[in-house]
Amino acid sequence: MKTKRISTKMEKALNEQMTREAFQAQVYLSYASWAEVSGFAGISAFLFKHSQEERQHMFKFLEFINDRGGRAKIAAIDAPPADPKDIQDCLQKTLQHEIDNSKSIDAIVNLALEEKDWATFNFGQWFVREQIEEETLVNNLLDKYQLAARGNEKTANLYDLDRDMSAAPQDAPIPRDAKL
Ligand code: FEO
């Protein structure tokens, strides 16, 4: 049993963020499945990998809470939202999820500063950096989409976009490649 080194308020905030990361994973899993059946294998692969990354974020929160003497409590996750209308909608919604999540991380860092909880403040910095990377990644993909959707050769350009997205850098396998 570890000595509790986070406040009860912080423990609650970190638990809520852990659940939020799990929710993000479900959202991207749902979008990935939608993209796969819509014929976009590359975009689907990107989203499957992104979903796995969100689960890894959830694990980071779980371990941090328990390491600091709190108790990571696994809670129910809300159902993912409705399917996107099209690829642009999918990317815009993905960006909005990331921006909302960045704000949620900022709130934890603010609380850590307020409480002079430097361990959590330090832990939170990893996520602050990660969110910058993730927002940039999705913004870049939206830029690519704008280029791809321009002109009359939509089909060929979307093909290129889909191929680019399958190669977007992420550290997780897609279900097809996962070792069981
Ligand atoms: Fe774990 Fe993309 O937020």
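The table for this structure:
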quantity	calculated
Accessible solvent surface per residue of segment 8-165, calculated while the other protein chains remain in place, 1.4 angstrom probe, Å²	52 Å²
Residue with peak Gaussian network fluctuation, the chain [Cα springs, cutoff 10 Å], from Glu36, Glu114, Glu54	Glu114
Student exercise, segment 8-165 dipole from Lys, Arg, Asp, Glu Cβ charges, in Debye to nearest 20	260 debye
Note, ³J(HN,Hα) from phi for segment 65-70, Karplus 6.51, -1.76, 1.60, rounded to Hz, x at Gly and Pro	4, 5, 5, 8, x, x
Rounded to whole Hz, the Karplus (6.51, -1.76, 1.60) HN-Hα couplings of segment 132-142, x for glycine and proline	4, 4, 5, 4, 5, 4, 6, 4, 5, 5, 5
Longest DSSP-loop-exposure-free segment, trypsin sites (Lys or Arg not before Pro), the chain, at most 14 other Cβ within 10 Å	6-70
Whether segment 1-91 is rounded, prolate or oblate, judged on the alpha carbon gyration tensor where a/c under 1.5 counts as rounded	prolate
Helix-derived mean residue ellipticity, 222 nm - over the chain, DSSP H n ≥ 4, -39500 (n - 2.57), to 500	-26000 deg cm²/dmol
log10 of Debye I(q)/I(0), alpha-carbon scatterers only, for segment 80-160 at 0.19, 0.21, 0.26 Å⁻¹	-0.84, -0.93, -1.14
Which listed pairs, of Lys49/Lys116; Lys4/Lys116; Lys12/Lys49; Lys60/Lys144, have C-alpha distances above 24 Å, in listed order	Lys49/Lys116; Lys12/Lys49; Lys60/Lys144
Segment 78-156-segment 1-69 distance, computed between alpha-carbon centres (Å)	13 Å
Cα gyration tensor shape of segment 8-165, rounded if a/c is under 1.5, else prolate or oblate by comparing a/b with b/c	prolate
Carbon + sulfur, % of accessible area of the chain - ligands and nucleic acids excluded, 1.4 Å	52 percent
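The values are calculated or read from the model by the stated rules, or taken from the named source; none is laboratory data. Computed from a predicted model, the values in this text were never measured in an experiment. As a convention, Cβ positions derive from the backbone with ideal geometry for all residues, glycine included, and neighbour counts pool all protein chains shown. Surface areas here come from the heavy atoms of the whole protein model, side chains and all, with no ligands, DNA or RNA. Shrake-Rupley method; radii C 1.70, N 1.55, O 1.52, S 1.80 Å.
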